[in-house]
1. Taking the Cα-to-Cβ direction at S30 and at R163 and moving 7 Å from each Cα, how far apart do the two end points lie in nm?
2. What is the Cα coordinate range of region 81-160 on the first, second and third principal axes, sorted by size from largest, in whole angstrom?
3. Region 8-63: percent of C-alpha pairs farther apart than 18 Å?
4. Could you give me the ³J(HN,Hα) list for region 157-171, computed from phi with Karplus coefficients 6.51, -1.76, 1.60 and θ = phi - 60°, whole Hz, x at Gly and Pro?
5. Measure out, as a whole number of angstrom, how far apart the alpha-carbon centroids of region 110-168 and region 7-21 sit.
6. Which net charge results when you count Lys and Arg as +1 and Asp and Glu as -1 among the other residues whose beta-carbon is under 10 Å from that of Y52?
7. Hey, which of these cross-link pairs are over 20 Å Cα-Cα: K6/K146; K142/K164; K44/K182; K6/K164; K6/K182; K40/K182?
8. Using the beta-carbon distance between V171 and N97 and R0 = 51 Å, what value does 1/(1 + (r/R0)^6) give for FRET efficiency, to the nearest 0.05?
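Every read-out reported here was derived from the displayed coordinates using simple, explicitly stated rules and does not represent laboratory data. In this text, all values refer to a predicted model and were calculated from it rather than measured experimentally. Note: ideal-geometry Cβ built from the backbone for every residue, glycine included; neighbour counts use all protein chains shown.
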Amino acid sequence: MADLDKNDRVMIFIDGSNMYHSLKAHFHRSDIDLGKFCDKLVDKRRLVRIYYYNVEVGQREEPERFKDQKVFFDSVEAIPYTELRLGRLVYTSAWPNTPPYEKGVDVMLATDMLTHCYKNNYDTAILVAGDSDFVGALQAVKDNGKHVEVALFGEERTSVILRKVADVVHVIDGNLLRGTWKMPTPSRQQKPRRPQRPPLVQPQPAQPQATPQPQPAQQQPPPQQPPPAAQPQPVQQPSTPPQAPQPPPSAPPVPPQPRAPQPQAQAPQPQTQAPQPQQPPLQPWQPWKQKQLPEKEADLA
C-alpha cells in the first residue's frame, strides 16, 4: 500500500447484509465491533463519516429476529460519525417457504457515494461490499478525481471486477479482524499431552522371613461351675390403708385429710391376788381368836 496521507479524508460505505453473511460464511460468527473494524480500514487517516446500510425485518413476520436486530442497530447508531441507512425487506405471499428480498439498499448506497463525491466531502471512498453492481458508481467516483478502495472477503478469484476498478484492495481475513470482535476469540484447543511413564523401580531382593516356632499349648483351667442361683423370695407387700375415693376428673382434687390417731388397745394385765396373811397358830390361851376367824374370812370374801 502506498504511503498514507494523514490529511486524507475518508468515508466508508458498508453493505451490512453482505458483510453479515460473509462473516457467517468465513468465520462462523458475526459479533464484530463495527467501530474497531473501520478504524483498521482508515488507519492513520482522518475519518469523515461511516454509512451503514441494511434492511429491517418485519416485526409481525419475525418478532424474535426483529428484537435482536433492533439491539444491533442501536449499537451501530452509538458509534461516532456513523449513519444508519435502512432499506425495505419485502415479504411475499409464499412466506415463510420463500425468503424475503431487499429493495432499495444498493441504489441508496451508490447515490450517497456519488453525492458526497460531487460535493467534495471526502478524498477516499472505501466500499465494504462484494456486489459487482457497484462497479459503475466506483468508476464515476474515480473519474471525479477521488480515490477508491474496496474491502472484500474471500480469495483473489472472487469479485474480480471490483478488484480491477479499485485503487486499493483490503482483504478481510483473520489478521485484519484481529482485535475487532466483541467477544474474545476462543483459543485453540491444545493437543493432549502424552502421559508420562512412571519411573522404573528396581526390584529389591526379598529378605528371608523367620519361620514362627510353635509355642506349647497352655493348659486351660477346668471350667468352674456357676454358683446356684438364689431362689427368689416372696416380696411382702406392705399393707396400705384404704384410700379415700377420688373425686371425678372435672372436680378439683381434694387434698386427703389426715386421720386421727386411733388409740391402741392395751393388753389386759393379769390380776394378781394379794397374798393372804397367814394367821399365826392359836395358842391354847387364845380361844377367842378362833371364834372370830370365820367372820373375818366372811368379810374378805
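1. For the pair S30/R163, the computed spacing is 2.6 nm.
2. 47, 32, 24
3. Numbers: 718 of 1540 pairs.
Percentage above 18 Å: 47.
4. Per residue, the Karplus-derived 3J(HN,Hα) values read 7, 8, 6, 5, 5, 5, 5, 6, 7, 7, 6, 9, 10, 9, 8 Hz.
5. Measuring centre to centre over Cα atoms gives 10 Å.
6. On the way: positive: R85; negative: D15, E77, E83.
Residues close to Y52 contribute a combined charge of -2.
7. Values: K6/K146 16 Å; K142/K164 12 Å; K44/K182 22 Å; K6/K164 25 Å; K6/K182 28 Å; K40/K182 15 Å.
Violating the 20 Å limit, Cα to Cα: K44/K182; K6/K164; K6/K182.
8. According to the calculation, E is roughly 0.85.
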